[in-house]
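What follows is one structure encoded as structure tokens, with my remarks underneath.
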There are 2 protein chains.
Amino acid sequence: MRDAIATQERLLLAARRRFADQGFELTTVREIADDAGVNVALISRYFGGKEDLFARAVAIDLQLPDLSAVPQEQIGARLVEHFFRRWEGEPADDLLRVLVRTAATHPAAAARVADIFDSQVRPLVAMLAGDGEAAQRASLVATQVLGLAYCRYVLSLKSNELTRASTHRMIGETIQRYLFAPLAA
Amino acid sequence: MRDAIATQERLLLAARRRFADQGFELTTVREIADDAGVNVALISRYFGGKEDLFARAVAIDLQLPDLSAVPQEQIGARLVEHFFRRWEGEPADDLLRVLVRTAATHPAAAARVADIFDSQVRPLVAMLAGDGEAAQRASLVATQVLGLAYCRYVLSLKSNELTRASTHRMIGETIQRYLFAPLAA
DNA sequence: CTCATAAGTCAACAGGGGTTTACATGGAGG
DNA sequence: CCTCCATGTAAACCCCTGTTGACTTATGAG
């Protein structure tokens, strides 16, 4: 019954959900504790405080797929597919939504996004498209992928719900261009 | 010296700056009042409260350019150019930044973005590309433009600062595709 | 069974936030 | 010059939030 580790995990889960839905500032530690079914004071006890709980909640790995066996001309489509699965997977995965939403106002989350970009996205792009232009190509990819996430999962602009297949295709082609098309000034 | 209208405008200006930099929740009415050089109580007196001041601060017009005389093949580039000017204009125009940042957590701002999308972006796209697929094409454009804004002006990911010319070009081509390329499922 | 300790609870505190109320002040019309 | 009202000020109010410290309860080892 009394399991400290399980309690911490319930708190982390509830925290991610709340932060993903409401952002950092609007979420109160009492809400999180109630969702988790535990006492508020345990947040301070186990994590140090709200900030520390948040830091733990956004320590996220993109889990980028292995693309070594994918033909080059399919990579864009494959990446988009991967992200849609990540965003809409069952059970609903708040891991990325919490980042995109909170990064808008919380410096730690913004720093985490920049960090993920540097340590996960850019190396992958460098491997795919060569070192020289990797940073810029990765930036372009980031604008499109984060923009998609922002519109769909933060703002909930549902205007294109019906035609996800062609959204897939159009955005996959964009990623493909950002990765491999010439960048001529 | 005592000019109620001028005071309200100073408050609105200060509010937009603060909201654009910090978002809604982290901004205090005392900060805004101090920036404007007026007393805090005047915010409640003139606007009703912080929420109402915010609503006034985000009542924004995109001022989309007239594209009737622009050759079709240049429209994407022209739109990107327009947005860069809007974002980086002198004096710094917080009008759009405040929306993209605050929409992440504040329902009123998110609603305003959706409203701008419906009343300004979609009609323009419909005019350019025909009514049938306007909604979906406009959504695609929104993901790319908002993503660019989010990365550059909210997160301040500066990785591509050096090569703005080709960023312009690459993203312009994307917009062009989203507007005119076939959407085949 | 006992009891030491980890796990969890409770209530209070301190700070900051938006808002309101009562008061002061300046400037135009009589 | 005086008066009245819009403009601006100062201080208090009240609620909410994160945090803390003292207290209680369960659990497992001896």
Given the criterion free of Cβ contacts under 8 Å to residues at least 60 places away in the same chain and over 21 Å from B:Ala110 (Cβ atoms), identify the matching residue among B:Ala6, B:Ala55. B:Ala6
Taking B:Val98 as the residue in question, decide whether it is β-branched (Val, Ile, Thr), open to solvent by less than 30 Å² (accessible area, probe 1.4 Å) and more than 16 Å from DNA strand C (Cβ to nearest atom). no
Go through segment B:66-121 and count every residue that is modelled with pLDDT under 95, of a type in the set (Lys, Arg) and touching a Pro at 6+ places or on another chain (Cβ under 8 Å). 0
Does B:Glu25 fit the bill of being closer than 25 Å to B:Ala149 by Cβ and within 14 Å of chain A (Cβ to nearest Cβ)? yes
Picking from A:Gln120, A:Gln136, which residue would you name as being in a helix (DSSP H, G or I), in contact (Cβ under 8 Å) with a residue 40 or more places away in the chain and closer than 30 Å to A:Glu51 by Cα? A:Gln120
The one condition B:Glu173 fails out of (1) within 29 Å of B:Ser68 (Cα to Cα); (2) at pLDDT below 95; (3) part of a helix (DSSP H, G or I); (4) not aliphatic (A, V, I, L, M) is (2)
Can you tell me which of B:Arg112, B:Arg137 is more than 7 Å from chain A (Cβ to nearest Cβ), farther than 28 Å from A:Ser119 by Cβ and crowded, with 21+ Cβ neighbours inside 10 Å? B:Arg137
Can you spot a residue in segment A:140-150 that is at the interface with chain B (Cβ under 7 Å from one of its Cβ atoms) and over 14 Å from the mean Cα position of the chain (by Cα)? yes
Residue, modelled with the highest pLDDT, within segment A:151-170, restricted to residues that are at the interface with chain B (Cβ under 7 Å from one of its Cβ atoms) and not in a helix (DSSP H, G or I): A:Leu155
Filter pass, B:Glu73 being under 28 Å from B:Leu124 (Cβ atoms), open to solvent by 50 Å² or more (accessible area, probe 1.4 Å) and not in a loop (DSSP other than H, G, I, E, B): yes
Based on what the data block shows, is B:Gly23 closer than 30 Å to B:Leu140 by Cβ and either away from DNA strand D (no atom under 16 Å from the Cβ) or not small (Gly, Ala, Ser) (or both)? no
Residue match in segment B:101-109 (condition: open to solvent by 20 Å² or more (accessible area, probe 1.4 Å), free of Cβ contacts under 8 Å to residues at least 24 places away in the same chain and within 13 Å of chain A (Cβ to nearest Cβ)): yes
Please find, within segment B:19-70, the residue that is least open to solvent (accessible area, probe 1.4 Å) out of those that are in a helix (DSSP H, G or I) and of a type in the set (S, T, N, Q). B:Gln22
Is it the case that B:Asp131 is more than 21 Å from A:Ala110 (Cβ to Cβ) and either assigned to a loop (DSSP other than H, G, I, E, B) or in the same structural domain as B:Phe19 (by the TED database) (or both)? yes
If B:Arg85 satisfies every condition in (1) within 15 Å of the chain's Cα centre (by Cα); (2) touching a residue at least 40 places away in the same chain (Cβ under 8 Å); (3) open to solvent by 40 Å² or more (accessible area, probe 1.4 Å) but one, which is the exception? (2)
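The values are calculated or read from the model by the stated rules, or taken from the named source; none is laboratory data. Just so it is clear, the structure is predicted and the values come from calculations on it, not from any experiment. Cβ sites come from the backbone with ideal geometry, for glycine too, and all protein chains shown count toward neighbours. These area figures cover heavy atoms from the full protein model, side chains too; ligands, DNA and RNA do not enter into them. Shrake-Rupley method; radii C 1.70, N 1.55, O 1.52, S 1.80 Å.
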